[in-house]
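To start, the structure under review is shown below, and the notes come after it.
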Amino acid sequence: MSTSRVAAFSRPLRLMAATAFAAGPFDGVWAVTLTCPSTDDGVYGYVFRFDAQVTDNVLHGERGSRDTGGWMTLDGRIDDSGHARLEARGLTGAPVYSVGQVKSLTPYIYIVDAQFDSANGSGHRI
């Protein structure tokens with residue numbers, strides 16, 4: 001069973017000046033909000049917020065501490081039109097937040113189909 005996940009991306013205004021001379025149109029720091037709603041079968045919903053860096057149109061974000069429950073990375077290339085296929089990879093946290101109530105530290109991976117413009121982006125799990 002797959003649960004729906006939605007990702008939102010935005011450039012914080014306080015960081016815009018730092019990215020004004022960046023090489024690629026999407027380069028700079030992006031604020032990521034990843035939302036996973038609760039499911040009918042009892043899986044709790046959650047929201048992850050973390051920063052991602054885009055350099056030469058390649059996005060990398062990381063949440064939490066490597067090798068601990070709830071850790072994840074988000075990586076991928078943003079093409080010139082703003083389209084991206086991002087790979088989310090991580091380790092599950094508490095079982096109540098995981099489909100199938102799998103044990104903590106179970107590895108997972110999924111793809112996010114995303115679209116960016118100069119200031120915002122959004123995506124969904126495919």
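Odds and ends about this structure:
- Selection status of GLY45, over 16 Å from VAL6 (Cα atoms) and of a type outside the set (Phe, Trp, Tyr): no
- So SER104, is it in contact (Cβ under 8 Å) with a residue 24 or more places away in the chain, of a type in the set (Gly, Ala, Ser), farther than 18 Å from PHE116 by Cβ and in contact with a helix residue (DSSP H, G or I) (Cβ under 9 Å, 6 or more places away or on another chain): yes
- Filtering ARG14, ARG63, ARG85 for residues that are basic (Lys, Arg), more than 21 Å from ARG125 (Cβ to Cβ) and either modelled with pLDDT under 95 or in contact with a strand residue (DSSP E or B) (Cβ under 7 Å, 6 or more places away or on another chain) (or both) leaves a single hit, ARG14.
Conditions (1) surrounded by 15 or more Cβ atoms within 10 Å (Cβ to Cβ); (2) not in a loop (DSSP other than H, G, I, E, B), marked per residue:
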site	(1), (2)
ALA88	yes, yes
GLY100	no, yes
LYS103	no, no
HIS124	no, yes
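- Which numbered condition THR3 misses (of (1) of a type outside the set (Lys, Arg); (2) within 21 Å of ILE109 (Cα to Cα); (3) modelled with pLDDT of 95 or more; (4) assigned to a loop (DSSP other than H, G, I, E, B)): (3)
- Candidate set from region 21-74 (those that are polar (S, T, N, Q) and not in a strand (DSSP E or B)); member that is farthest from the chain's Cα centre (by Cα): THR39
- Every listed requirement among (1) more than 23 Å from SER104 (Cβ to Cβ); (2) without any contact (Cβ under 8 Å) to a residue 40 or more places away in the chain is met by GLY69 save one, (1).
The values are calculated or read from the model by the stated rules, or taken from the named source; none is laboratory data. Remember, predicted model here, so these are calculated numbers, not experimental data. Positions of Cβ are generated from backbone atoms using ideal geometry, with glycine treated the same way; all protein chains shown enter the neighbour counts.
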